[in-house]
Amino acid sequence: MTTSLAMVRRIAARPSIVFEALATAEGIASWWGPEALPVLAAEFDASVGGAYRVRFQTGDGQQHEAFGQVLDIDPPYRLTMSWAYAHGGEPEEAGRTSRLEFVLRAIDGGTELTFTQTDLKNEVSRQNHEHGWAGAFAKLVARLGALTPEG
């Protein structure tokens, strides 16, 4: 049995600006990875079947590298990708592929971003991914602006 996680953030930027942060190497380099830690390398081909790869560091100094393919793209409203680890990452997910979906909706003053990650192995993996994505989305919101205090 697999599990999934869902997160929503309200961002003070137009969907096209948020989408650019999701679907370009420069964009993801500015916010992926947990908390205030850097993205070390990013590549992104924003076409169906296009590959992406991102290497980031965690608080314990370990480097993790995720990669996948763009499965569906509808700028500036939706981006769906596969997600796997080339090295590092959540031990529960070694050799597995999950699915990421970013859905953007224009709202007053900005964008509502709904994120889901599906096909995670178990609850431990879901919790660890949720922690990592929460830190990454905090960076995205800080970069583009928050509509509400909770992000």
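The values are calculated or read from the model by the stated rules, or taken from the named source; none is laboratory data. Predicted model, so just to flag it, every value in this text is computed and none were measured. Cβ atoms come from the backbone with ideal geometry, glycine included; neighbour counts cover every protein chain shown. Heads up: the accessible areas ignore ligands, DNA and RNA and are worked out on the full protein's heavy atoms, side chains in. Shrake-Rupley method; radii C 1.70, N 1.55, O 1.52, S 1.80 Å.
Figures for the structure shown
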| quantity | calculated |
| --- | --- |
| Computed over region 36-148: relative contact order in percent, which uses C-alpha pairs under 8 Å that are six or more apart | 16 |
| Mean residue ellipticity (222 nm) of the chain, computed from DSSP H runs ≥ 4 via -39,500 (n - 2.57), nearest 500 | -7000 deg cm²/dmol |
| Potential lengthening between residue 63 and residue 8 on full extension [0.36 nm per residue; Cα-Cα distance subtracted] | 17.1 nm |
| 12 Å reach of a label modelled at residue 116, 7 Å along Cα-to-Cβ, counting backbone N of region 85-107 | 99-103 |
| Region 48-88: C-alpha gyration tensor shape, a/c 1.5 cut-off, then a/b vs b/c | prolate |
| Percent RCO, i.e. relative contact order, over region 100-151, from Cα pairs under 8 Å lying at least 6 residues apart | 26 |
| Gain upon complete extension [residue 78, residue 53; 0.36 nm per residue less C-alpha separation] | 7.1 nm |
| Pair residue 45, residue 30: separation of 7 Å Cα→Cβ label points (nm) | 2.5 |
| Principal axis box of the chain, alpha-carbon based, largest edge first, Å | 41, 32, 32 |
| The chain, accessible area per residue, ligands and nucleic acids excluded (1.4 Å, Å²) | 48 |
| Lys, Arg +1 and Asp, Glu -1 on Cβ, resulting dipole of region 48-94 about Cα centre, debye, nearest 20 | 220 |
| Options 4, 51, 40, ranked by Cα towards positive dipole end of region 1-70, top entry (Cβ charges) | 4 |
| Charge dipole (the chain, unit charges on Cβ, about Cα centre) - positive-most of 85, 111, 24 | 111 |
| Net dipole in debye of region 39-151 [+1 Lys, Arg Cβ; -1 Asp, Glu Cβ; about Cα centre; nearest 20] | 160 |
| Accessible surface of the chain [probe 1.4 Å, protein heavy atoms]: carbon and sulfur percent | 50 |
